[in-house]
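See below for the structure under consideration.
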Amino acid sequence: MIIRDLIYFIYIENLPNWLFKFLYHINFFNFTKVNKYKYPIFSSKINLVKAFSSDTKGILTKSFDAYNNYIEINSNKYIKHKNKTKSIRKFHQNSRTATLIIPLGWLDPSSSEGRTQGPQITFFIKGLEKNGYVVRVVEASNNTPTLDDKVLESQLIFIFSLTYFNPSNKLFEKLHYSLNSNYHKFTTIGVITAAPDVNLLKMYIEWTKALQTVIYYEENSEFKRRLEKIFKVLHSPYIQFSPENLVHDKFNPSVHLSALVKFNRMSWAIALKYICITTNTNYFIRLISNALTYKRIKPSYIPNDLIVQERIKFGFGFVMVHRKYNLDAHLIGSFWDYYRLGVIPLVQMQKTQQVSTYLTPYLDYFPIESDFDLFSILLISHSNEDHFNNLRKRIKDRIKYEFNPETVIEKLLNDL
């Protein structure tokens, strides 16, 4: 694993373009493909151009139509958001308390979990506070013997995450006991942050002894339907809290990718690099390897404020949502990593579909299934920068008025 990942890093970071393209053309990189995945197929530039010539207007037409339809229907939408009153939030202004029970270190910016999960938890905390809640954060581990009774005096208790905390530990026993006692009166909500893995369902069933409601990041999926047979499932996007006063540049044809090496991601990183080279598109690819991080050969995730400064300079963010063959997990954190910054997500799926009712394909994001899709979008972005800049401006407005902590958590509280 260590040798393999070191070689992967060399392919992406160190090979000169002429050598990389030569190896690509002779199908040298085919060994990086994982069996059963259909794409990428490592098409050459000649074949990509031929396919593009026969369908030059498809993707761009869909994007123009989606944007024009949005302008026609929603021209005054954000004016209404700006003038929105606080009256609907009055029922939250009673100094109510909410407790977040999180794994130890998940808010520590020096840890991997603190850099991936931490900004999402911070967003959640800010949203609760904006809606009038006094928030307590309790860091616990599976070895935590018990919880202080003061923690259980909150009206709401959120547990991040059901996958981390094992139902056989003392914390679970305390919650189970308190839920069935007359002394404590609170609502417990579980937060599922893990990938849609059916092997976790047995653990989730155990959690029904301590709670009946969970929050899940996918709005519509087969796995969510399975969860709904066990819990009351509420959907809420897991958005990261961003530093204030961000400077957004105009759109420029460029792509950013930061990804852990797993599944079929290496082959897509190679395809992305090749297509960027052939379309003269600026790109940045950061591969992360758990094996190399453990051996301190390569760094893990970088701090949130640093990667924000890095990502915000790019026009597109490449997001790979596949979790294994024939299974995608839409609206994962990587999607919001880019979207919250006005960076247009290119969402690579095994089978293209609309990821949610409130996000429109070719307007909020571009679905990617094949090498051709990726090539086409990058190519047309060079000659249509004004259009893509309009998409970027629209996304920034949505983040400001629709996907801010106060509004997102307000909706969740109303659903509760």
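The values are calculated or read from the model by the stated rules, or taken from the named source; none is laboratory data. Model, not experiment: these values are computed from the prediction. Ideal geometry is used to build each Cβ from the backbone, glycine not excepted, and the neighbour counts take in all protein chains shown.
Scanning the stretch 13-44 for residues that are modelled with pLDDT under 95, outside any loop (DSSP other than H, G, I, E, B) and farther than 20 Å from S370 by Cα yields a total of 1. Within the stretch 326-342, the residues that satisfy the criterion of being of a type outside the set (S, T, N, Q) and in a loop (DSSP other than H, G, I, E, B) are A329, H330, L331, I332, R340, L341, G342. For the stretch 74-163, the helices (runs of 4 or more DSSP H) that sit wholly inside it and include 2 or more residues that are touching a Phe, Trp or Tyr at 6+ places or on another chain (Cβ under 8 Å), at pLDDT 90 or above and within 24 Å of L211 (Cβ to Cβ) are 118-130. Screening W336 with (1) touching a helix residue (DSSP H, G or I) at 6+ places or on another chain (Cβ under 9 Å); (2) of a type outside the set (A, V, I, L, M); (3) under 19 Å from K273 (Cβ atoms); (4) buried (at least 20 other Cβ atoms within 10 Å of the Cβ) gives one miss only, at (3). Take the residues of the stretch 304-325 that are touching a residue at least 60 places away in the same chain (Cβ under 8 Å) and either among the aromatic types (F, W, Y) or part of a loop (DSSP other than H, G, I, E, B) (or both): which is nearest to L257 (Cα to Cα)? Taking the candidates together, the pick is F318.
Looking at K229, K273, K262, which one is basic (K, R) and assigned by TED's automatic domain parsing to the domain that holds G118?
Sole residue among the options that is basic (K, R) and assigned by TED's automatic domain parsing to the domain that holds G118: K229.
For N404, only one of the following conditions fails: (1) more than 15 Å from N68 (Cα to Cα); (2) in contact with a helix residue (DSSP H, G or I) (Cβ under 6 Å, 6 or more places away or on another chain); (3) surrounded by fewer than 22 Cβ atoms within 10 Å (Cβ to Cβ). What is its number? Only one criterion in (1) more than 15 Å from N68 (Cα to Cα); (2) in contact with a helix residue (DSSP H, G or I) (Cβ under 6 Å, 6 or more places away or on another chain); (3) surrounded by fewer than 22 Cβ atoms within 10 Å (Cβ to Cβ) is unmet by N404, namely (2).
For L378, the conditions (1) in contact with a Pro (Cβ under 7 Å, 6 or more places away or on another chain); (2) more than 19 Å from K262 (Cα to Cα); (3) not in a helix (DSSP H, G or I) all hold with the exception of (3).
When restricted to residues that are more than 14 Å from the chain's Cα centre (by Cα) and either closer than 28 Å to S110 by Cα or among the small types (G, A, S) (or both), the stretch 312-341 contains 5.
The C-beta contact set for the stretch 16-29 (first residue assigned by TED's automatic domain parsing to the domain that holds S43, second residue at pLDDT 95 or above and surrounded by 14 or more Cβ atoms within 10 Å (Cβ to Cβ), distance under 6 angstrom, 6+ apart or interchain) comprises N17/I277; Y24/Y274; F29/I270.
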